[in-house]
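Step one of this worksheet: look at the structure below.
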Amino acid sequence: MGDQINLSMEDYEICSKLKNMRFSGMAQELENLFSDPNADLLPFREKVSRLVDAEWELRYTKKLNRFIKKASLKYPSADLDDTIYDPERQLNGRMIEELAKCSWIEQGRNLMITGQTGSGKSYIANALCICALRQFKAVRYIRASHMIDELNKAETLGTYREYFAQVASYDLLAIDDFGLMQLDLNKCRNLFEVLESRDPHKSTMVISQFPVKSWYDLFQEHTYADACLTRLLNSAYRLEMNGKNMRNLKPINQ
């Protein structure tokens, strides 16, 4: 309590009761009002509004942070800033704005993000994941190789069905670095099972440095290639990122 020395015992007890009832945001804002010598000039409705807003904001932030932590994002602070309109990045800014509204997730549609290394694919993907998390949609971000390792582990431990049940529960599953490993028969089968558990009611985002037209050849078993790509690409949105290399940019302070 920042200005506790300015509070009367009665004011302090009121704030303490609010905290004990787990209304910490409201308690802090009430303390601010008690410590403000001009608080009596504020209308009653504004005071109540400030108390409620403070509690709502605190709870929203805590819940959002829990969702972000569970999503295992690579860039948990990613944001869609004005760089998406930079002509050198060659991005469709209006399309990204629409994707940020997350209606495509509510519709169960997929999103394919492809482009050159360093173009910022993973960052944009994480920023879109955060847009979904702000709406408290269940999101999981994972590298393709890590997902395959998890599947192999689940198969070994006999928790295969539990793993697919968990995968199926996500509103959005974002698979990054797709295509960096050879998809042998076992990996093809596992990937198919993941997609089958989600199709057609859940959204999947795939991020890859390989163009979509080359994905078929990544599968050693072409029967699985047809099955997987049909589920991924049917009515899917595509975002291509072939602009400037964002990794070569110097910090602004330089």
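Quick look at the numbers
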| item | result |
| --- | --- |
| Only listed residue being farther than 29 Å from L80 by Cα, modelled with pLDDT of 90 or more and buried (at least 18 other Cβ atoms within 10 Å of the Cβ), chosen from L173, L183, L218 | L218 |
| Residue ranges of helices (runs of 4 or more DSSP H) in region 7-118 with at least 1 members within 27 Å of L195 (Cα to Cα) | 44-71, 93-100, 103-106 |
| Region 75-90, residues that are without any contact (Cβ under 8 Å) to a residue 24 or more places away in the chain and either open to solvent by less than 30 Å² (accessible area, probe 1.4 Å) or touching a Lys or Arg at 6+ places or on another chain (Cβ under 6 Å) (or both) | none |
| Qualifying residue in region 150-159 (condition: within 16 Å of I207 (Cα to Cα), in a helix (DSSP H, G or I) and at pLDDT below 95) | no |
| Selected residue (criterion: most open to solvent (accessible area, probe 1.4 Å)) from residues of region 94-117 that are within 21 Å of K244 (Cβ to Cβ) and free of Cβ contacts under 8 Å to residues at least 60 places away in the same chain | R94 |
| Subset of region 197-215 [over 22 Å from the mean Cα position of the chain (by Cα) and either surrounded by 13 or more Cβ atoms within 10 Å (Cβ to Cβ) or in contact (Cβ under 8 Å) with a residue 40 or more places away in the chain (or both)] | F210, P211, V212, W215 |
| Scan of region 210-226 for residues that are touching a helix residue (DSSP H, G or I) at 6+ places or on another chain (Cβ under 9 Å) and not charged (D, E, K, R), ordered by number | F210, V212, W215, Y216, L218, F219, Q220, H222, T223, Y224, A225 |
| Test: T204 is β-branched (V, I, T) and within 25 Å of I130 (Cβ to Cβ) | yes |
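One line per residue, one yes/no per condition, for (1) exposed (fewer than 13 other Cβ atoms within 10 Å of the Cβ); (2) free of Cβ contacts under 8 Å to residues at least 12 places away in the same chain; (3) more than 34 Å from the chain's Cα centre (by Cα):
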position: C15; (1), (2), (3): no, no, yes
position: L30; (1), (2), (3): no, no, no
position: L41; (1), (2), (3): yes, yes, yes
position: W56; (1), (2), (3): yes, no, no
position: K63; (1), (2), (3): yes, no, no
position: L73; (1), (2), (3): no, no, no
position: N92; (1), (2), (3): no, no, no
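The values are calculated or read from the model by the stated rules, or taken from the named source; none is laboratory data. Small disclaimer: the values here were computed from a predicted structure and weren't measured. No Cβ is skipped: glycine too gets one built from the backbone with ideal geometry, and neighbour counts run over all protein chains shown. Quick note on the areas: whole protein, heavy atoms, side chains included, nothing else; ligands and nucleic acids left out. Shrake-Rupley method; radii C 1.70, N 1.55, O 1.52, S 1.80 Å.
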